[in-house]
Amino acid sequence: MIKRKQSKPELIASYSLQAVLIATFLIALWKQEWIWVIGCFVAVFIGFIPSLIHKNINILLPWQIELLIATVATLNMVGVLLNAYYIIPGFGEITQFFTSVLVAFLAFAVIYILHVYWDGLIMDKYAMAFVVVLGTMASGVILEFVKWFKLFGTTQTSVEGVLTSLFISTLSGILIALIGVNLIKRGEFDELTEDLGKQFDSIMKQRKKKK
């Protein structure tokens, strides 16, 4: 596969993710949060897997998704390692919003790519939007279980907090669903997912040849 030259937004998004990873590693060392340190090592190791197994795997995410991942990673890092969840009012809700937006965006991109490049899924754009909203709501429920049982990061201590988080997840899902449908209507979602879709299509064709 010939690597195309990355645009300026793509480079910014890519370097932002690396910068967040480095900052998280350094702050985790300072705070002696060893789980986060290990997590950074795991993230770096995953990035080197294609080289270790001598495979030309070059998955290019849309830069918008990469930037969202960097944003969510930054918010969670600041919230947990620097206690922003407890110091800054509303910080948890802001993090919840961007996390849900990322989940919804990823879900819409995956569904659309499957719809375009895989014969096993044919779905109307409004049906895609409906599934994205339901999926984002479901992810919000799972996240609340994680918070309630204190498995990771901030904890959830009240029913009002649970309802607020679920409302934010639902609102985020609806927002991305509306944006996604509008982008499909204008033909811009094809451009957004083109690189990732071509990579998926290439993988599917290779699997068919092996069969």
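Bear in mind that the values in this text are calculations on the coordinates, not laboratory data. All values derive from a computational prediction rather than experimental measurement. Every residue, glycine as well, gets a Cβ built from its backbone with ideal geometry; the counts of neighbours run over all protein chains shown.
Points to keep in mind about this one:
- Residue-span extension gain [F130 to F167] - 0.36 nm each, minus C-alpha spacing: 11.7 nm
- Most to least packed among 172-178, 158-164, 61-67 [average Cβ atoms within 10 Å]: 172-178, 61-67, 158-164
- Taking 0.36 nm per residue of separation and subtracting the current Cα-Cα distance, fully stretching the chain between L11 and A43 would add 9.6 nm.
- The fraction of Cα-Cα pairs per 10 angstrom bin, counted from 0 for segment 90-211, comes to 13, 37, 26, 18, 5, 0 percent, rounded to whole percents.
- Taking each residue as 0.36 nm, the span from R186 to E160 lengthens on full extension beyond its C-alpha to C-alpha distance by 5.4 nm.
- Under the Karplus curve 6.51 cos²θ - 1.76 cosθ + 1.60, θ = phi - 60°, whole-Hz ³J(HN,Hα) for segment 128-145, x wherever Gly or Pro sits: 4, 4, 4, 5, 5, 4, 4, x, 5, 4, 5, 5, x, 5, 4, 5, 5, 4
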